[in-house]
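For reference, the structure is listed below as structure tokens.
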Protein chains: 2
Amino acid sequence: MFESAELGHKLDKSTYDEELPRLREQLLQAQYELVSQKGFQVILIVSGVDGGGRRESVRSLNEWLDPRHVETHGMGEPSDEERDRPDMWRFWRALPPKGKIGVFQGSWYSMPILERVYGKTKLADLDDALDRNVHFEKMLADEGALILKFWFHLSKKNQEDRLKSLQKDPLTRWRVTERDWHHFQLYDKFKKTTAHALRLTSTAQAPWYIIEGTDERYRNVMLGKLLLESIRKRLDAGHAPPHSIGNLPSLPRVDEHHLLRSLDMTQMVAKKEYETRLESLQGRLALLTRDPAFQKISVVAVFEGNDAAGKGGAIRRVTGALDARMFQVIPIAAPTEEERAQPYLWRFWRHLPRRGRLAIFDRSWYGRVLVERVEGYCSEYDWARAYNEINEFEAQLVDHEVVVVKFWLSITNEEQLARFKAREITPFKQFKITEEDWRNREKWEAYEQAVVDMVDRTSTEIAPWTLVEANDKRFARIKVLQVLCDSLDKALKRHRDKSSKKSRQGIPRNG
Amino acid sequence: MFESAELGHKLDKSTYDEELPRLREQLLQAQYELVSQKGFQVILIVSGVDGGGRRESVRSLNEWLDPRHVETHGMGEPSDEERDRPDMWRFWRALPPKGKIGVFQGSWYSMPILERVYGKTKLADLDDALDRNVHFEKMLADEGALILKFWFHLSKKNQEDRLKSLQKDPLTRWRVTERDWHHFQLYDKFKKTTAHALRLTSTAQAPWYIIEGTDERYRNVMLGKLLLESIRKRLDAGHAPPHSIGNLPSLPRVDEHHLLRSLDMTQMVAKKEYETRLESLQGRLALLTRDPAFQKISVVAVFEGNDAAGKGGAIRRVTGALDARMFQVIPIAAPTEEERAQPYLWRFWRHLPRRGRLAIFDRSWYGRVLVERVEGYCSEYDWARAYNEINEFEAQLVDHEVVVVKFWLSITNEEQLARFKAREITPFKQFKITEEDWRNREKWEAYEQAVVDMVDRTSTEIAPWTLVEANDKRFARIKVLQVLCDSLDKALKRHRDKSSKKSRQGIPRNG
């Protein structure tokens, strides 16, 4: 894997001086086209062994490019706000918008590799993390991002020489730390772990470039040229959607059985019983969220459902039980300009709650496989890959002690018609009914199929869907509260039982 | 001040039950108009003595309103990311966008009052903070926000009764903490301090409403009605700009003296000298930013100047000396949709750097008093009040150990013409010259006057402007680096000398 990067690559000064001005000019030109077109973002990982020249090369790049459109991230110790969310949150928040170049000196590979080398994790843990990274990068690439990953390699001998020479010079001595020497002791372990990681995560969409780090000129020109060629190629290719792969079909319907039609829509709760149970469930929910263990978890609740199924009313029965400072209801409407410049899931990641809080999504990331699928707002490839991306997203949440509850509020076609009509004649509810609602009704069957596929593909054991029979509003609200309370109860119990996770502290970060 | 709020106000249950449905309906109606028009945001502070019913009233409000368009903030302990920025940063980031209602249970008043009652600060410190709050709210109001401030009051006797009764009930016992009793001991001190604070900060644009907190029904209806009436009034008034006050004129020009014309624009640095000094200054800057004390401060550098004055080139000479992970260059272009939904300064607050970092603004908040003034993009009142708002903003930065350096890169009319022409014939620079640049040249004198006014009004002892004679690019770059290094040097020295600020830890927050 590292063979080509131990050959002693070098670039002599005169060639460098001759090539550089042209390279810089072309890079700037490409960057300005990128900035003005805003067609995609560039995500550049610059990593490698200590002393391999990451820092110097990133600095050169910043000098060559227009720094106003470059964002460089060091990714040192996570802040407490970052520690409160899934590991990947800090990378999501650092993603560059379209038109910009995001340089990651320290990336989603740093901690998994470091933890493995330090013996804090098992090989299986590393592989899980690498798998997550591959998914992440595939999603980024599918969303149009250009991903470049560099690994600056040094042979053992070269690393030792490099550290020694840095240490000899009074001007650079400060840069060699205890940690660097400690890592040098671990050289073979690092090399083995890195080779493994690079092999598993070098994909067609985001390959690794392993570059010999000994010679600064060689390293810089390689980095600059690869960046230039990659951007150039994408710019020249235009922004054709990268995929037009035909997807496998949904399960064909060959009999009359059907998930939604199998629901018993006649279920209801009488008014009197409703009031008693509502009060008791709200009381229970209030107590659960005041449990000290609740400060160690958080909740993401998703409300989806047919138009007029009563999502808003159900949400209010939940929030009515909560301290207003603990929750945030996030109504999902059309994405904003800043959200459109990011991968699809970004606008949901940004709203993830801290520990001890609840985020309640009124519509959600499932829009991709519901309205966007049915109305053709995205390509077939885009919604087809979304199932997987969503499962991966929710797995990361659950891994981080986030309780994920998902409700589909289902009403029958007839009940919806009755509610629409009632809205039209109630002055106070007229704002709730639009032409679009009537148009959507015409696609009832297509929406039904989308819901069935969604449930089949994203109801996982860690984040199952709850189908809520909502023809009777009282029944629906009680069921929602009941399921939410039960899920919380289970999570809190599990959390109390479980020995706390291995600490990830204590690994020195690169300065 | 509290007289009317100790009269034993009460609302009987039957009146309440009768009034409430109508009030709720009207509130919802008003909220939906607010949401659909997105004309302004509502900022609602709910504060008061412990046991005064803040929590309960905020919860009722969340029940009455559509929670999807309400954001409630508890404002407990600041996170480390928040502590790294000026005190007000956490409130800026929590501001609701237009169309939403932001409820602050805990606000920019909490800490200043608490610190004073606990004897951690002097009366003068409190007054400074209150003064800052008045400025902040005036700015918010001028930006169109509707601000409502509630103080729930209890007489000493009532507070004692309230705490005792909460404690007696097993269901509410958990809510009474040691801290509550401790605060009750401090009742008189709290009352005195609060009376002082409320008096100084009750303004026409953001008055305090002091409401007796004993009776829940009374309290809720007061809050609901005041909120309703205020929103209603603003909605019905339309969105006419609140001000059309004529401003005082700029200093008239009665002789030939003129700040910009007094610059010696012939100054230059020869190429050889430039190279030596550039290297030495960049080395010095690199060392300064690696000083351990640099981790305690941060830097905000502002670059403004005539078109083609060489801002970009100067910025690159600064960033060339820095570790790429330490800085962020923020190019200021037209505000995004999310930024337009917030007060003018919001889009600059969001980019404030953490400790140990530099934020370099390529154009800045001064756009308001430059291009927006000259081109008429905002009203005269808006740019006239901006001087004050900007000085206040920068004072908060400096208070928080942020080094603020501001450069105006000045070139002569003739030099600009020459550079524009050169850009037009250099293939690589054509993208840098647009029709707009030529149009702006026609307003040269108006821009000159705007620059002179800006410097006169915002060059403060804590954040002075540096006028940079930029006809010679080398001279300009050297001067920028020199001033930046000197400012940093001074700040680092001051920081080392100064005994560290009084700790603000150790004051229990409301749970």
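Just for region A:205-239: of the residues that are over 26 Å from A:S165 (Cα atoms) and hydrophobic (A, V, I, L, M, F, W, C), which one is surrounded by the most Cβ atoms within 10 Å (Cβ to Cβ)?
A:L227
With respect to the numbered conditions (1) farther than 23 Å from B:P343 by Cα; (2) at pLDDT below 90; (3) touching a Lys or Arg at 6+ places or on another chain (Cβ under 8 Å); (4) not polar (S, T, N, Q), which one is the sole condition not fulfilled by B:W64?
(2)
Of the residues B:F407, B:F393, which single one is assigned to a helix (DSSP H, G or I), in contact with a Phe, Trp or Tyr (Cβ under 9 Å, 6 or more places away or on another chain) and aromatic (F, W, Y)?
B:F393
Which members of region A:13-45 meet the condition of being modelled with pLDDT under 95 and within 15 Å of A:R219 (Cβ to Cβ)?
A:K13, A:T15, A:Y16, A:E19, A:L20, A:L23
Tell me yes or no: at least one residue of region A:12-30 is under 24 Å from A:I147 (Cβ atoms), in the same structural domain as A:E216 (by TED's automatic domain parsing) and of a type in the set (D, E, K, R).
Within region A:12-30, one or more residues are under 24 Å from A:I147 (Cβ atoms), in the same structural domain as A:E216 (by TED's automatic domain parsing) and of a type in the set (D, E, K, R).
Residues being at pLDDT below 95 and outside any helix (DSSP H, G or I): count how many of those fall in region A:366-390.
Of the residues in region A:366-390, 5 are at pLDDT below 95 and outside any helix (DSSP H, G or I).
Go through the residues of region A:145-157 one by one and say whether even a single one is surrounded by fewer than 17 Cβ atoms within 10 Å (Cβ to Cβ) and over 16 Å from A:V42 (Cα atoms). Working first, answer last.
Just the residues of region A:145-157 that are surrounded by fewer than 17 Cβ atoms within 10 Å (Cβ to Cβ), to begin with: A:156-157.
After this cut, where a residue has to be over 16 Å from A:V42 (Cα atoms) as well, the list is A:156-157.
There is at least one residue in region A:145-157 that is surrounded by fewer than 17 Cβ atoms within 10 Å (Cβ to Cβ) and over 16 Å from A:V42 (Cα atoms).
Please go through region B:456-498 and pick out each residue that is part of a helix (DSSP H, G or I), crowded, with 16+ Cβ neighbours inside 10 Å and without any contact (Cβ under 8 Å) to a residue 60 or more places away in the chain.
Passing the criteria: only B:K479.
How many residues, within region B:1-33, are more than 12 Å from chain A (Cβ to nearest Cβ), out of contact with any helix residue (DSSP H, G or I) (no Cβ under 6 Å at 6 or more places or on another chain), aliphatic (A, V, I, L, M) and in a helix (DSSP H, G or I)?
Residues flagged as more than 12 Å from chain A (Cβ to nearest Cβ), out of contact with any helix residue (DSSP H, G or I) (no Cβ under 6 Å at 6 or more places or on another chain), aliphatic (A, V, I, L, M) and in a helix (DSSP H, G or I) within region B:1-33 amount to 2.
Looking only at region A:403-453, which residues are more than 26 Å from A:R373 (Cβ to Cβ) and among the aliphatic types (A, V, I, L, M)?
Once the filter is applied, which keeps residues that are more than 26 Å from A:R373 (Cβ to Cβ) and among the aliphatic types (A, V, I, L, M), region A:403-453 yields A:V403, A:A418, A:A422, A:I425.
How many residues does region B:288-340 hold that are among the polar types (S, T, N, Q), within 25 Å of the chain's Cα centre (by Cα) and crowded, with 20+ Cβ neighbours inside 10 Å?
Residues of region B:288-340 among the polar types (S, T, N, Q): B:289, B:295, B:298, B:306, B:319, B:328, B:336.
Remaining after also requiring within 25 Å of the chain's Cα centre (by Cα): B:295, B:298, B:328, B:336.
Right, trim to crowded, with 20+ Cβ neighbours inside 10 Å and you get B:298, B:328.
Of the residues in region B:288-340, 2 are among the polar types (S, T, N, Q), within 25 Å of the chain's Cα centre (by Cα) and crowded, with 20+ Cβ neighbours inside 10 Å.
Within region A:68-82, identify whether any single residue is buried (at least 18 other Cβ atoms within 10 Å of the Cβ), within 19 Å of the chain's Cα centre (by Cα), aliphatic (A, V, I, L, M) and facing chain B (nearest Cβ under 9 Å), and answer yes or no.
The answer is yes, given that some residue of region A:68-82 is buried (at least 18 other Cβ atoms within 10 Å of the Cβ), within 19 Å of the chain's Cα centre (by Cα), aliphatic (A, V, I, L, M) and facing chain B (nearest Cβ under 9 Å).
Output the number of residues of region A:436-466 satisfying the condition of being closer than 17 Å to A:N413 by Cβ, out of contact with any helix residue (DSSP H, G or I) (no Cβ under 7 Å at 6 or more places or on another chain) and among the aliphatic types (A, V, I, L, M).
Total satisfying the criteria: 2.
Working carefully through the options A:Q396, A:Q328, find the one that is closer than 30 Å to A:L288 by Cα and more than 14 Å from chain B (Cβ to nearest Cβ). Full working, then the answer.
Values: A:Q328 fails: more than 14 Å from chain B (Cβ to nearest Cβ).
Exactly one of A:Q396, A:Q328 is closer than 30 Å to A:L288 by Cα and more than 14 Å from chain B (Cβ to nearest Cβ), namely A:Q396.
Test B:K100 against the stated conditions and say whether it is basic (K, R), within 13 Å of chain A (Cβ to nearest Cβ) and in contact (Cβ under 8 Å) with a residue 40 or more places away in the chain.
yes
Which of the residues belonging to region A:344-359 are free of Cβ contacts under 8 Å to residues at least 60 places away in the same chain and either part of a helix (DSSP H, G or I) or facing another protein chain (nearest Cβ under 9 Å) (or both)?
If the condition is that a residue be free of Cβ contacts under 8 Å to residues at least 60 places away in the same chain and either part of a helix (DSSP H, G or I) or facing another protein chain (nearest Cβ under 9 Å) (or both), then A:R347, A:F348 are the ones that fit.
Sort out for me the helices (runs of 4 or more DSSP H) sitting completely within region B:80-147 that have 2 or more residues that are closer than 26 Å to B:A386 by Cα.
So the answer is B:89-94, B:123-142.
Report yes if A:V329 is in contact with a Leu (Cβ under 8 Å, 6 or more places away or on another chain) and assigned by TED's automatic domain parsing to the domain that holds A:L370, otherwise no.
no
Examine region B:487-502 for a residue that is closer than 18 Å to B:E304 by Cβ and modelled with pLDDT of 95 or more, and state whether such a residue exists.
Looking through region B:487-502, at least one residue is closer than 18 Å to B:E304 by Cβ and modelled with pLDDT of 95 or more.
For the list (1) of a type outside the set (D, E, K, R); (2) away from every other protein chain (no Cβ under 14 Å); (3) closer than 20 Å to B:F303 by Cβ; (4) surrounded by fewer than 15 Cβ atoms within 10 Å (Cβ to Cβ), I need the number of the one condition that B:A422 fails.
The one condition B:A422 does not meet is (3).
Report the residue count in region B:433-455 for those that are part of a helix (DSSP H, G or I) and more than 14 Å from B:F407 (Cα to Cα).
Adding up the residues that qualify gives 15.
From the list A:L126, A:L65, which one is touching a helix residue (DSSP H, G or I) at 6+ places or on another chain (Cβ under 6 Å) and within 14 Å of chain B (Cβ to nearest Cβ)?
Selected residue: A:L65, the only one of A:L126, A:L65 that is touching a helix residue (DSSP H, G or I) at 6+ places or on another chain (Cβ under 6 Å) and within 14 Å of chain B (Cβ to nearest Cβ).
Going by the structure shown, is B:E56 more than 20 Å from B:E339 (Cα to Cα), within 14 Å of chain A (Cβ to nearest Cβ), without any contact (Cβ under 8 Å) to a residue 24 or more places away in the chain and part of a helix (DSSP H, G or I)?
no
For every residue, the table says whether it meets (1) assigned to a loop (DSSP other than H, G, I, E, B); (2) at pLDDT 85 or above; (3) basic (K, R); (4) under 21 Å from A:V103 (Cβ atoms).
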residue	(1), (2), (3), (4)
A:R179	no, yes, yes, no
A:I210	no, yes, no, yes
A:P249	yes, no, no, no
A:H257	yes, no, no, no
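The values are calculated or read from the model by the stated rules, or taken from the named source; none is laboratory data. Quick caveat, the model's predicted, so the values are computed rather than measured. Glycine gets a Cβ as well: all are built from the backbone with ideal geometry, and neighbour counts include every protein chain shown.
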